[in-house]
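Step one of this worksheet: look at the structure below.
No value in this document is a laboratory result; all are computed from the given coordinates. All of these numbers come straight from a predicted model, not from anything done at the bench. Note that we place each Cβ from the backbone using ideal geometry, even for glycine, and neighbour counts take in every protein chain shown.
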Amino acid sequence: MSMLHGITVALLVTRCRGYVEEKLGTKYIEGRSIEFAKSFEESGPGTPIFFILSPGVDPLKDVEKLGVKLGFTTDNNNFHNISLGQGQEVVAEEAMDTAAKEGHWVILQVGRPNQHGFTVSNLL
């Protein structure tokens, strides 16, 4: 990525934030924390949870904490955390197949962390 492209993306994000704040109000641009356990209660086996992250935000600790409480851990081999890219698609597909059959948790991290300030994670 060129330096100009990085500056352009950063400027676009800044301008978008300013526009949203001006038109809709500050509450739409402020960071807020939602307790993951509460979001989890509102989901179900057929409803994945998506996280769109910004710098400094990492819900993985909350997900792992709830997972331990409910018995989903890497030690139990029923909690899979996969960073996609460089051939990890096959690993992700196998984890998702297993999860669908046996009720495991799968986290798929898409994109490079902090690329343009965003990472997308998905808990299935």
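Among residues other than Gly87 whose Cβ falls under 13 Å from its Cβ, what is the net charge (Lys/Arg +1, Asp/Glu -1)?
After counting each charged neighbour, the total is -3.
Considering only the other residues whose Cβ falls under 12 Å of the Cβ of Leu70, what net charge follows from Lys and Arg at +1 and Asp and Glu at -1?
Summing Lys and Arg as +1 and Asp and Glu as -1 gives 0.
Per 0.36 nm of contour for each residue apart, how much would the distance between Thr14 and Glu94 grow if the chain were fully extended, relative to their Cα-Cα spacing? Display every interim value, and only then the final one.
Details: separation 80, 0.36 × 80 = 28.80 nm, distance 3.92 nm.
That works out to 24.9 nm of additional length.
Could you tell me the calculated FRET efficiency between Leu84 and Leu24, based on Cβ-Cβ distance and R0 = 22 angstrom, to the nearest 0.05?
Numbers: r = 33 Å, r/R0 = 1.48.
The pair Leu84/Leu24 has a calculated efficiency of 0.10.
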